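Participant: The structure that follows is given in the form of structure tokens.
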Amino acid sequence: MTHGRDAEDAKLLQAGDIAGLLAAYNDTIVGRCVARLRGSLDAEDVAQNVRLRLLSEFHRGRSYGDLPYRVVVHQVIGWTLGDYHAGRPTDVPLPEGWEPASPDASDQVAANYDLRRLFETLPEKTRAVLELRYSLGLEHEQIAERLGMKRNAVDQALNRGHSKLRDVLVADG
Amino acid sequence: MLFDDYAARFARGERPDAREYLARAGEGVDELGTLIERFLERTAPPAPDDGALRLAEAWVAGNSPLVQLRAERGLRREEVVDSLIAALGLDRAKREKVTGYYHQLENGLLDVTRVDRRVWEVLAEALEARLGDLVAWRPRPIGAKMAYMRPSEILEAASPSMPAAAAAPRAAAEPYPDEVDRLFGQAP
């Protein structure tokens, strides 16, 4: 869950453990680049430059107030992918004045990077099923047992929730 | 459903390879790519394992993750080269060339995206590592000036300690490209 991750990230930042942070987010960085570039071999180069930019920001001694580090990571990924698609070099540091989010918008920005916010509009049972599936990775039988539901009901809830999730995620710009 | 399977495996910390899922998506590749990316944007990653942490530490320190893994496994470079030659059925007379290219690969001087997957598969087994991690954690250039130099520029400034075969991997009389050149992405 994001709150536990945020607390861990804050500890790692406080300790100056950039390696720990990069290790935590590497699969996310590579996964997003591969997904955005639809498997293109350029994805690994872009991911490397995301890591280099995060390292560069760390060496600059940047702090981000109350903004969770995961949001910073995703903003850097977004900027780097944007540079790539615009034909701008990605193998250079971020501009000196770059900011992941303005202070008064940071709460909203952070909320945009939280899967639970998407589940909030779903019926309670569907929400519970999706949270167990996509936050913990439980199998259908495990979800049924934990929630006291029939397996068939879990399947149907997942189908409904997945359709809703797909509509929101694909439509989200 | 591909997305459902990917998302659940990610949540469990199984480290699914997005590229493998996209390859299976057919006409649905665009939607799947969008779903995976949006999901990753909104999902906290599981805690990294010790192997991933050590690779990251090597990378941040400016060391070669491939060298780090080799050292952790107690392997000499020659042993890894032997594994490559044996597993890929290469001519042992090309040993010096293979050694040169592997040295370049360890030091981030080859374009990893052009290295044949079979090379990575052999290395993943020899180094007991995940193939995706070997490709992802290529060495970073050291120092501010080199921070974002391209591999070809770094090769020009390569240290004199590099094996001679790495700087000039082929003799004039050898046909080019040969199988070794192609495996390491050096064929035009």
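The values are calculated or read from the model by the stated rules, or taken from the named source; none is laboratory data. What you see is a predicted model, and the numbers here were worked out from it, not measured in a lab. Note that each Cβ is placed from the backbone with ideal geometry, even for glycine, and that neighbours are counted across all protein chains shown.
Participant: Does segment A:53-64 hold any residues that are more than 9 Å from chain B (Cβ to nearest Cβ) and aliphatic (A, V, I, L, M), and which are they?
Facilitator: A:L54
Participant: Would you mind telling me which numbered condition in (1) within 13 Å of the chain's Cα centre (by Cα); (2) within 10 Å of chain B (Cβ to nearest Cβ); (3) at pLDDT below 95 A:E8 fails?
Facilitator: Tallying (1) within 13 Å of the chain's Cα centre (by Cα); (2) within 10 Å of chain B (Cβ to nearest Cβ); (3) at pLDDT below 95, A:E8 fails exactly one: (1).
Participant: Let me ask something else about it. Looking only at segment B:15-29, how many residues end up being facing chain A (nearest Cβ under 7 Å) and in a helix (DSSP H, G or I)?
Facilitator: Summing the residues that are facing chain A (nearest Cβ under 7 Å) and in a helix (DSSP H, G or I) in segment B:15-29 gives 5.
Participant: Still on this structure, please answer the following. Would you check which residues across segment B:69-87 are basic (K, R) and under 14 Å from the mean Cα position of the chain (by Cα) and list them?
Facilitator: The answer is B:R70, and nothing else.
Participant: Looking at B:L90, B:L66, B:L55, B:L2 in this structure, which one is within 16 Å of the chain's Cα centre (by Cα) and more than 8 Å from chain A (Cβ to nearest Cβ)?
Facilitator: Of B:L90, B:L66, B:L55, B:L2, the one residue that is within 16 Å of the chain's Cα centre (by Cα) and more than 8 Å from chain A (Cβ to nearest Cβ) is B:L66.
Participant: Turning to a different aspect of this structure: Test of understanding: among A:E57, A:E141, which residue is within 24 Å of A:A19 (Cβ to Cβ) and in a helix (DSSP H, G or I)?
Facilitator: The match here is A:E57.
Participant: May I pose another question? Output the residue which, of all residues in segment A:144-173 that are of a type in the set (G, A, S) and part of a loop (DSSP other than H, G, I, E, B), is modelled with the highest pLDDT.
Facilitator: A:G148
Participant: Please state which one of A:V109, A:V129, A:V92 is touching a Phe, Trp or Tyr at 6+ places or on another chain (Cβ under 7 Å) and within 14 Å of chain B (Cβ to nearest Cβ).
Facilitator: Answer to the selection: A:V92.
Participant: Among the candidates B:R92, B:R117, B:R150, which residue alone is modelled with pLDDT under 85, farther than 20 Å from B:V60 by Cβ and surrounded by fewer than 16 Cβ atoms within 10 Å (Cβ to Cβ)?
Facilitator: B:R150
Participant: In segment A:16-52, which residue that is of a type in the set (A, V, I, L, M) and more than 18 Å from B:W59 (Cβ to Cβ) is farthest from the other protein chains (Cβ to nearest Cβ)?
Facilitator: Across segment A:16-52, the extreme among qualifying residues is A:L37.
Participant: Exactly one of these conditions fails for B:W59: (1) of a type in the set (F, W, Y); (2) within 30 Å of A:R166 (Cα to Cα); (3) in contact (Cβ under 8 Å) with a residue 40 or more places away in the chain. Give me its number.
Facilitator: With (1) of a type in the set (F, W, Y); (2) within 30 Å of A:R166 (Cα to Cα); (3) in contact (Cβ under 8 Å) with a residue 40 or more places away in the chain applied to B:W59, the lone miss is (2).
Yes/no matrix, rows are residues, columns are (1) under 30 Å from A:H162 (Cβ atoms); (2) modelled with pLDDT of 95 or more:
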| site | (1), (2) |
| --- | --- |
| B:D4 | yes, no |
| B:E14 | yes, no |
| B:V81 | no, yes |
| B:A86 | no, yes |
| B:G108 | no, no |
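Participant: May I pose another question? Any residue at all in segment A:60-82 that's acidic (D, E) and more than 30 Å from A:L130 (Cα to Cα)?
Facilitator: No, segment A:60-82 has no match at all.
Participant: Residues B:A44, B:A8: which one is in a helix (DSSP H, G or I), crowded, with 18+ Cβ neighbours inside 10 Å, in contact with a helix residue (DSSP H, G or I) (Cβ under 7 Å, 6 or more places away or on another chain) and within 7 Å of another protein chain (Cβ to nearest Cβ)?
Facilitator: Just one listed residue meets the conditions, B:A8.
Participant: Next question, about the same structure. For segment A:109-132, which positions are polar (S, T, N, Q) and closer than 23 Å to A:V50 by Cβ?
Facilitator: Listed by number, the list holds a single entry, A:N112.
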